[in-house]
Amino acid sequence: MDIKSLNDRQKNAVLTIGGPMLVFAGAGSGKTRVLTYKIAYLIQEIGMLPENILAVTFTNKAAQEMKSRVHDLVDVDLSGITIGTFHSIGAMILRKEIGRLGWDSNFTIYDQTDSKSLVKNIIKDLNLDLKMYDPKSTLIKISIAKNSMQSFETLIKSSKNIHEEKIAQIYKEYEQNLKGNNCLDFDDLLVKPLDLFNQFPEVLNKYQNKFKYILVDEYQDTNKPQFEFIKLLSELHKDVFAVGDDDQSIYGWRGADISNILNFQNTYADSKIVKLEENYRSTQNILEAAWSVVSRNQNRADKKLWTKNDTGDKIRLIDAFNEKDEALRIIKDISEIKKNKDVSYDDILILYRTNAQSRAIEDAFIKNGILYNVVGGVKFYDRKEVKDLLAYLKLINNPKDTISFDRIVNFPARGIGKTSLDKIHKKIDSSDNLIECILDLKDLGVGKKQTKSINEFCNSINFYKKRFDNESISIVVKDLIDEMKIREFYKNQNTSESEERWLNIEECITGIVEYENSNENPQLSEYLEEVSLFTDLDSINEQHDKVTMMTIHASKGLEFDYVFIAGLEKGLFPIERIFEEENLEEERRLFYVAMTRAQKKVVLSYARSRRRFGGEPIPTTKSRFIQEIPENLIDNFMASNQDFISNNSFNDFEFDLKTGNIVYHKIFGKGKVERIDGSGSKAKITILFFNNTRKKLIYKYANLEIIE
């Protein structure tokens, strides 16, 4: 173990033994290195037994990396060491001790789907309205209560109205059902060990004696049960080694409490503080810009990252006309970076505040033949809520589409289950017009309520089919969403996830409006074909050199040479619902995390207008975070008429492709043109590729090279 390879502050953190220690580890300052060297030092130099060491982190990936690095540093048997997530360590303790609480040791751990099904059954048993007490949002409320260490008794006493009383009652039934089924949910893995420790001091004492030295990774992300877990276990020996960075505390919305790290010295008397401020990742300009924003927070520890790296490029600022222009400008910048810096797409990351923002960027990538990958999320047209809406449009366009029918006949819920669907399909020839056949049948073989719901659904599909023949696609789709109560479905759940799903629906409508604006005679069938071409092209491509896209929350712990942060507008980042100072501070920390993912260059972008729900473009103003960066750190890339990129940049060049031509496509390879429908850049080209794959491509997006 080469201690000399550590810098002075890292050495101080590793070599200091005895009593509590908090290490403020800034972005790119070697946090994992310090943790693993500390474990190795305890074993190899201090002589501590591996079985007396507990190291806790938040993800299985981080735990595995920690184990691997420690194995590389010490040449001893490490089978006794305990390194894992809070949840896995809680489960380990419960398997041995939970009999004291009335469970058997072979308990089942419910996942989210199991828990939601149980809550749904309880709501039904209590004769409550499933729309008013949506199982998913109810489960989230129960989870919040558990992670706040509130029992159902506490919730019952604090209820302010009948709705809260019923939620508390569902919580009570849920807990009793879990125990009766010998099951735990994911939150119990954090809460039940605390019940054991508090009710059975001998159990607490046993694990206090076992874990003589406790190390905690990402301490700023701990919630109340996790904080209590560490505090109780470390009370005997006082040897707790916490590593984290308050400036990277970005999970307050899911229960993380930044005060745990900021009040460490109050919690642990005689504790020592070490600040790791040397950054090994980013340029000095990137660090200065990130610090200039996050340092405006009042609720933070005093520290500032520095680096021996070069000053580096200034922060680049893209000032775009709208979200479509923003996406095209980002692509232009990426192309220039790739060309001038000789880098691969794998070195480039695009970050955004909300998932819905990815749609415009994804469309631009696909149309320009640039490969990309959405990490920690689903590509826009593969998202469930988007596929559900498109399924409505596909069924209206093609009433024979049984796949789309099955997908949305019970979305939102109409009481039409699998049994009803099976009976309907047995009575109908799949080659016929499914909707007309159902309406013609006098006896569907299902109950009166189901028959009424199905007939109303089919009549609506017919009604909208007629409207699409004469009216604007976007206007009809908005009316369809209203009648089917899709917005109501998501809004009633009242969760951050349902809000995100609704934003994706809004963004889908914006995409439809863009399609209408760029086509002289927009047709529903043509729009669906264009979307199909997008998704088909993406699903076939398996090449590795891709631009990475993700939300900022998903990027924590990652690093890329070049980072783009899109949508820096007031109301979008910081996000619209952020009003309180405490929440604004978390948004600043989120911006800091985004900036410090970059090693060589950061590009910030914003649009001067943005559509919502397919409406007229709404003027926007650039984010306060841009204003908080000193002007001398920004290379302002202003819009100009010469530089403006619009949909017209896909030139309607002279059409020189003929049937029988041999062409090359950079994803599908060589192929022969079999058919050409239409003319000019919007022509649809049917090609039989030499790998025996037949594809229909839009000429202006295909970037075909004619070989012969």
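The listed residues Glu362, Glu228, Glu51, once ranked by accessible area (1.4 Å probe) with the largest placed first, stand as Glu51, Glu228, Glu362. Which log10 I(q)/I(0) values does the chain give at q = 0.06 Å⁻¹ under the Debye formula, counting every alpha carbon as one identical point scatterer? For the chain at q = 0.06 Å⁻¹, log10 I(q)/I(0) is -0.44. Helix 188-199 axis versus longest C-alpha principal axis of the chain: approximately 20°, rounded to the nearest ten. Compare the Cα positions of Phe86, Ser460, Ile416 along the charge dipole of the chain (+1 at Cβ of Lys, Arg; -1 at Cβ of Asp, Glu; about the Cα centre) and return the one farthest towards the positive end. Value computed over the given set: Ile416.
Think of the chain as a dipole: +1 on every Lys or Arg Cβ, -1 on every Asp or Glu Cβ, centred on the Cα centre; then among Ser555, Asn517, Ser148, Ser148 lies furthest on the positive end. Electrostatic tally near Leu349: other residues with Cβ closer than 10 Å to its Cβ, Lys and Arg +1, Asp and Glu -1, net -3. So how far, in whole Å, is the C-alpha centre of segment 15-93 from the one of segment 107-146? Segment 15-93 and segment 107-146 have Cα centres separated by 37 Å.
Hey, what did segment 304-397 get for relative contact order, percent, Cα under 8 Å, at least 6 apart?
The value is 20 percent.
Counting only DSSP H runs of at least 4 residues, each contributing -39500 (n - 2.57), and dividing by the residue count of the chain, the helix-based mean residue ellipticity at 222 nm comes to -14000 deg cm²/dmol. Shape descriptor for segment 335-486: Rg over Rh equals 1.12 (Cα atoms; Rh from the Kirkwood inverse mean 1/r).
Annotation: amide H of Val547 within the under-5 Å range of Leu371, Tyr372, Asn373, sequence separation 5 or more or interchain, hydrogens built in the peptide plane.
The angle between the Cα long axis of helix 201-210 and the longest principal axis of the Cα atoms of the chain comes to about 90 degrees, rounded to the nearest 10. Shape class of segment 63-190 from the Cα gyration tensor (axes a ≥ b ≥ c, square roots of the eigenvalues): prolate, since a/c reaches 1.5 or more and a/b is larger than b/c. Surface analysis of the chain yields an accessible area of 45 Å² per residue, using protein heavy atoms and a 1.4 Å probe. Summarising the label geometry, the points placed 7 Å from Cα in the beta-carbon direction at Thr419 and Asp342 lie 6.9 nm from one another.
Protection proxy ranking of 412-419, 369-376, by the mean of other Cβ atoms within 10 Å over each peptide's residues and highest first, is 369-376, 412-419. For Lys67, list the lysines whose Cα falls under 21 Å from its own Cα; do not include residues on the same chain fewer than 8 positions away. Correct list for Lys67: Lys11, Lys31, Lys38, Lys210, Lys212, Lys556. Could you give the angle, 0 to 90 degrees to the nearest 10, between helix 162-180's Cα long axis and the longest principal axis of the Cα atoms of the chain? Between the helix axis and the principal axis of the chain, the angle is about 70 degrees. Computed about its Cα centre, the charge dipole of segment 112-187 is approximately 140 debye, with only Lys, Arg, Asp and Glu carrying charge at their Cβ. For segment 25-110, calculate the relative contact order in percent as a whole number, restricting contacts to Cα pairs under 8 Å that are 6 or more residues apart. Relative contact order, segment 25-110: 27 percent.
Diagonalising the gyration tensor over the Cα atoms of segment 224-364 and scaling each eigenvalue by 5 before taking the square root yields semi-axes of 39, 20, 14 Å, largest first. Around the amide H of Val216, modelled in the peptide plane, lie the amide H atoms of Val56, Phe241, Ala242, Val243, all under 5 Å away and 5 or more residues distant in sequence or on another chain.
If a/c stays under 1.5 just call it rounded; otherwise compare a/b with b/c (prolate if a/b is bigger, oblate if not). Do that for segment 262-301, with a ≥ b ≥ c from the square roots of the Cα gyration tensor eigenvalues. Verdict is oblate for segment 262-301.
Here the Karplus relation 6.51 cos²θ - 1.76 cosθ + 1.60, evaluated at θ = phi - 60°, turns the backbone of segment 463-472 into coupling constants of 4, 6, 4, 5, 5, 5, 6, 10, 10, 4 Hz, with x for every Gly and Pro.
Note on Tyr381: accessible area is roughly 20 Å² with a 1.4 Å probe, heavy atoms of protein only. Heavy-atom surface analysis with a 1.4 Å probe gives the chain a carbon and sulfur content of 46 percent of its accessible area. Dividing the convex hull volume of the alpha carbon atoms of segment 339-417 by its residue count gives 135 Å³ per residue. Note on segment 448-482 and segment 255-297: Cα centroid distance 55 Å, given to the nearest whole angstrom. Ranked by the mean number of other Cβ atoms within 10 Å of their residues, highest first, the peptides 34-44, 87-97 come out as 34-44, 87-97. Taken about its Cα centre, the chain carries a charge dipole of about 860 debye when Lys and Arg each add +1 at the Cβ and Asp and Glu each add -1 at the Cβ. The overall shape of segment 383-430, judged from the alpha-carbon gyration tensor, is oblate: a/c is not under 1.5, and a/b is no greater than b/c. Sequence-ordered 3J(HN,Hα) estimates for segment 367-380 from the Karplus curve with 6.51, -1.76 and 1.60 and θ = phi - 60° stand at 5, 9, x, 9, 7, 8, 9, 8, 9, x, x, 10, 4, 3 Hz, glycine and proline given as x.
Measuring nothing but how far apart in sequence close Cα pairs (under 8 Å, 6+ apart) lie, relative to its length, the chain scores a relative contact order of 16 percent.
The values are calculated or read from the model by the stated rules, or taken from the named source; none is laboratory data. Being a predicted model, the structure only gives us computed values, none of them experimental. Please note: Cβ atoms are built from the backbone with ideal geometry, for glycine as well, and neighbour counts cover all protein chains shown. Ligands, DNA and RNA are excluded from the accessible area calculation, which covers all protein heavy atoms including side chains. Shrake-Rupley method; radii C 1.70, N 1.55, O 1.52, S 1.80 Å.
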